[in-house]
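Peer 1: Have a look at the structure that comes next, please.
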Amino acid sequence: MGTVRATSAFLRGNFAPVHDEIDSERLSVIGEIPAELTGMFVRNGPNPQFTPIGRYHWFDGDGMLHGIHLRDGCASYRNRYVQTRGLLKEQDAQRAIWTGLLEPPQIEIPEGATKNRANTSLIWHSGRLLTLWEAGEPYAITLPNLETRGPHTFDNKLKFPVTAHPKVDPETGEMLFFGYSFAPPYLQYGIVSPTGELLRTEPIDIPVGVMMHDFAITPRFTVFLDLPLTYRPERVTQGKRALAFERDRASRFGILPRHGDNTQVRWFEASACYVFHTLNAYEAGDEVVLVACRMSSYDLSGANSDPESGIPRLHEWRFNLSTGMIQERRLSPIPAEFPRINEQFMGRPVKYGFASKTAATRLPRFDGLIKLNFESEGLPTTQVHALGGRRYCGEAVFVPHPDGDTEDAGWLLTFVHDEQQNQSELLIVDARNLECEPVARVLLPQRVPYGFHAVWISDAQIQATL
Ligand SMILES: [Fe+2]
């Protein structure tokens, strides 16, 4: 066990956790919440319940869900911890038991060497809202109450840890996902039926364990990102971290027919890079096109001599399945992360992409939203919604207008925190024109710490939730 380091920058300011689980009705609104915007915005993020032990990383906190329910132009707020098995054990002990990812795994703990925090993302599929982590079983959550039902293992068919970014095909209703491990098999792929049955899993061969956060789908293909953030335990004996970026190792992109097997993966090699999140992928003739936020390198500890390390920008790779060639280009000079689209077009060519604009601050903050138009000549044109002042947002989710007739007809929803006023809010922006004033700002009754991924759950989905 390490020492208590409550001085971590990720335990201060608006990275610091909140401790109260509250319910609040009839929130104050600046502007007007559109009557058509009926449903729930829920965001996941790290929020340690007990004083962390050892060195604390932002990724280490217990999952906390912050939900805003919108109906008839009114808003209510509720926040709840994800009651994971590890957190329940810590609640029994009234103290932290597990350290975080900057400390060695605690192989002596019988319940597991690491704690599944369920703190990273959310996805709604086949009547279930699931919270997800980097490498663990999903937890099912009730709606609209945000209570934890417990681990969801697909009737015990799930045999490997799942990552945070499954994809739901908007036409077939299938959910595709993967999991990775630092011991063989390093990569596993899974397909869930539209009704929530885990149909099959398939180990995919890659040469060494890597941190693989996201992937992408098209109607016919699944795209895996085998990037050189490798896990080599032998590094520890040299006094280094086991997980490290290898800048002289290729980035490998694997393209698999959706229902194919390991033998059918086509691998393409490109220059070393790291990607946390994909925006989308699609098919164009013989090509599979991937758009994602690319960093030239990435180091978890932040100690890296590359000035571009850790700075994400939207980037396009075109993989030609008949010639085996790759073309790639930077799509935008603006550092941005949390890329999202209108998910009704997931896996298909999209005209628009949205992302949060990375602020030039030492800690990860986002000072606005951007919208890229991919159909413009040359590089995509960009619109910016700048927050101004010391106001920072998180991931923005696109919510389609129920009667929308264009891809961008709808709204972007994100939490914003004003560090000067110490006030959090839900920001609602018209996605057709980011340069307009916000449609509405919903003032929140308590601080919402900076966090990770969000989801929009429509009223129909809330009612269909098991
Ligand atoms: Fe993520």
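Peer 1: Which of the peptides 218-226, 14-22 is most tightly packed, and how do the rest follow, judged by the mean count of other Cβ atoms within 10 Å per residue?
Peer 2: 218-226, 14-22
Peer 1: Can you compute the equivalent ellipsoid semi-axes for the chain, i.e. the square root of 5 times each eigenvalue of the Cα gyration tensor, sorted largest first and rounded to whole Å? Show your work: numbers first, answer last.
Peer 2: Details: eigenvalues 178, 159, 104 Å².
Whole-Å semi-axes of the equivalent ellipsoid: 30, 28, 23.
Peer 1: Starting from the amide H of residue 65, placed 1.01 Å from N in the peptide plane, find each other amide H under 5 Å away whose residue is 5 or more places distant or on another chain.
Peer 2: Under 5 Å from the amide H of residue 65: 80, 81, 82.
Peer 1: Then there's this: Among 70-76, 352-358, how do they line up from the highest to the lowest mean number of other beta-carbon atoms within 10 Å?
Peer 2: 352-358, 70-76
Peer 1: Sticking with this structure for a sec: Work out from phi, with θ = phi - 60° and the Karplus expression 6.51 cos²θ - 1.76 cosθ + 1.60, the ³J(HN,Hα) of each residue of region 181-191, listed in order in whole Hz, and give x for Gly and Pro.
Peer 2: Each residue's phi maps through the Karplus curve to give 9, 8, 10, x, x, 6, 9, 10, 10, x, 10 Hz.
Peer 1: Now a separate question. Work out how far the C-alpha atoms of region 1-98 reach from end to end along every principal axis, then list the three figures in whole Å, largest first.
Peer 2: 52, 27, 18
Peer 1: Before anything else, pin down the relative contact order of the chain: Cα pairs under 8 Å, at least 6 apart, normalised by residue count, whole percent.
Peer 2: Over the chain, the number comes to 13 percent.
Peer 1: Moving on to the next point. Restricted to Cα positions, what overall size does region 82-240 have along the principal axes? Three whole-Å values, descending.
Peer 2: Principal axes ranked by extent give 49, 40, 22 Å for the Cα atoms.
Peer 1: What fraction of the Cα pairs in region 378-442, stated in percent, has a spacing above 20 angstrom?
Peer 2: Of the Cα pairs, 30 percent sit more than 20 Å apart.
Peer 1: Points 7 angstrom from Cα along the Cβ direction at residue 236 and residue 384: gap in nanometres?
Peer 2: It works out to 4.4 nm between the two label points.
Peer 1: Over the Cα atoms, compute the radius of gyration (one decimal) and Dmax (the largest Cα-Cα distance, rounded to a whole number) for region 170-302, in Å.
Peer 2: According to the Cα coordinates of region 170-302, Rg and Dmax are 15.4, 50 Å.
Peer 1: Under a point spin-label approximation (7 Å from Cα along Cα-to-Cβ), what is the residue 463-residue 436 distance to one decimal in nm?
Peer 2: Label at residue 463, label at residue 436, 2.8 nm between them.
Peer 1: Taking θ = phi - 60°, what integer Hz values does the Karplus form 6.51 cos²θ - 1.76 cosθ + 1.60 yield along region 110-119, in sequence order, with x for Gly and Pro?
Peer 2: Calculated HN-Hα couplings, in order: x, 6, x, 6, 9, 9, 6, 7, 6, 10 Hz.
No lab work stands behind these numbers, since they all come straight from the coordinates. Quick caveat, the model's predicted, so the values are computed rather than measured. In this analysis, Cβ positions are derived from the backbone assuming ideal geometry, glycine residues included, and neighbour counts consider all displayed protein chains.
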